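Here is the structure we will look at, set down as structure tokens.
The values are calculated or read from the model by the stated rules, or taken from the named source; none is laboratory data. Keep in mind it's a predicted model, so treat the numbers as computed, not measured. Cβ placement follows ideal geometry from the backbone for every residue including glycine, while neighbour counts extend to all protein chains displayed. We work out accessible area using only protein heavy atoms, side chains counted, and drop any ligands, DNA or RNA first. Shrake-Rupley method; radii C 1.70, N 1.55, O 1.52, S 1.80 Å.
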Amino acid sequence: MTATSLPVQPPVSTPRVRIRVNRLVLYTVLVSLTGLFLGPVGWLILTGLKTPAELAASPVHWLPTDFQWHNFADAFNLIDFLGYARNSLIIATIYATLVTLSSAWVGFGFARLDAPGKKPLFGILLGSMMLPQLITLLPTYLIFAKLGMVDTYWPWVLWGLAAAPYLVFLFRQFFAGLPRELEEAAIIDGCGYATIFWRIFLPQSWPVLSASFVIAFTWSWGDYIAPQLLLSTDKSTLAVAVMSTYVTSAGTPVANLQAAASVMYVVPILLIFLIAQRGFVAGMSTTGLK
């Protein structure tokens, strides 16, 4: 008599195995995306380490034969790098500080105050984000020229005091999620809305404050059009200098020096983000919570 063979049961997938597989897939996707996002930065660094002949070679030289580290020193010494960086830092700091505070004040008004037409006005404010900068470029220049503010830093002061629609939206979403009892208790104690904003709401909004400051600083630091249009060469910013200074006598860009200068140009932004990244992430993740 032959023994009947029992059917072989397939291995049961345990929850622990599934968790490991899911983590492996997640890490693979994250590493792939990280490589995709860092690819342009890596190529920029490699370009700054090549010679002009290697940049013009065909087929493409992916890696430099001899790393030209002196390109960074040449890019730094060829122009007044620290002077242009100082101008950029002054403009970006003034604008980021003022626009963060003014946007917080406007966002507080939209979130906590009641007035006729508040919702349509907020819709118009959000709609203004769809206007391209080039549409307002000529009127902006004419206004500042009439006011005698060309070749000064006053335009960035006025832009900062005028608030920014996107930052107003962030603060409005954050302030709308705070309990109503906070301001009611303050009103009972005799506080006005200005005191409520400065002493109660603003100190609690540090995640959005740091996120807004980083965003606004990046906007101003990376802006090329406004400084090129409104400022002279001596008062111009590092973005303009990097794009317009590293050229040959014939006007041809020197790509390796531009790339080396661009790498040094983005270092302050990376440092600011690394310092404020916890507040930045927290601010972006809590603006829609109730």
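Sorted largest first by accessible area at a 1.4 angstrom probe radius, with every protein chain in place, the residues 66, 234, 223 fall in the order 234, 66, 223. Once the Cβ-Cβ distance of residue 27 and residue 145 is raised to the sixth power relative to R0 = 45 Å, the FRET efficiency obtained is 0.25. Label-to-label distance for residue 184 and residue 233 is 6.5 nm, based on points extended 7 Å past Cα in the beta-carbon direction. Largest GNM mean-square fluctuation among 116, 253, 203, using the chain with Cα springs under 10 Å: 116.
Each Lys and Arg contributes +1 and each Asp and Glu -1, all at the Cβ; summed about the Cα centre of region 117-205, the dipole is approximately 260 debye.
Springs between alpha-carbon atoms under 10 Å, Gaussian network over the chain: tell me which of 252, 195, 97 tops the mean-square fluctuations. Per the Cα network of the chain with a 10 Å cutoff, 252 tops the list.
Around the amide H of residue 247, modelled in the peptide plane, lie the amide H atoms of 254, all under 5 Å away and 5 or more residues distant in sequence or on another chain.
Under unit Cβ charges (Lys, Arg +1; Asp, Glu -1), what dipole magnitude, rounded to 20 debye, does region 35-142 have relative to its Cα centre?
580
The phi torsions of region 60-75, fed into the Karplus equation with coefficients 6.51, -1.76 and 1.60 and a -60° offset, translate into couplings of 5, 8, 6, 10, x, 5, 9, 5, 8, 5, 5, 4, 5, 5, 5, 5 Hz, rounded to whole numbers, with Gly and Pro shown as x. With semi-axes defined as the square roots of five times the eigenvalues of the C-alpha gyration tensor, the equivalent ellipsoid of region 1-136 measures 51, 40, 15 Å, largest first. The charge dipole of the chain, taken about its Cα centre with unit charges on the Cβ atoms of Lys, Arg (+1), Asp and Glu (-1) only, comes to about 980 debye.
Along the axis of the charge dipole computed for the chain (Cβ charges of +1 for Lys and Arg, -1 for Asp and Glu, origin at the Cα centre), the listed residues 232, 156, 100 are led at the positive end by 100. Across the chain, the longest piece that holds none of the chymotrypsin sites (Phe, Trp or Tyr not before Pro) lying in DSSP loops with up to 11 other C-beta atoms within 10 Å covers 70-290.
Note the full-extension length gain between residue 73 and residue 14 as 0.36 nm times their separation in residues minus their Cα-Cα distance, in nm to one decimal.
Details: separation 59, 0.36 × 59 = 21.24 nm, distance 5.75 nm.
So the chain would gain 15.5 nm between residue 73 and residue 14.
Computed over the chain, the P(r) curve from all C-alpha pair distances, binned at 10 Å from the origin, holds 5, 19, 23, 21, 15, 8, 4, 2, 1, 1, 0 percent per bin.
Considering only alpha-carbon pairs that sit under 8 angstrom and 6 or more positions apart, the relative contact order computed for the chain is 30 percent. No solvent, one uniform scatterer per C-alpha: report log10 I(q)/I(0) for region 37-92 via the Debye equation at q = 0.18, 0.21 1/Å, two decimals. So the normalised log intensities are -0.74, -0.86. Cross-link partners of residue 50 among aspartates and glutamates, defined as those whose alpha carbon lies under 12 angstrom from its own and excluding same-chain residues fewer than eight positions apart: 66. Residues considered: 202, 158, 134. Largest GNM mean-square fluctuation over the chain, using C-alpha springs under 10 Å, is found at 134.
Full-extension gain between residue 133 and residue 113, please, as 0.36 nm times their residue separation minus the C-alpha to C-alpha distance.
Working: separation 20, 0.36 × 20 = 7.20 nm, distance 3.04 nm.
Roughly 4.2 nm would be gained on extension.
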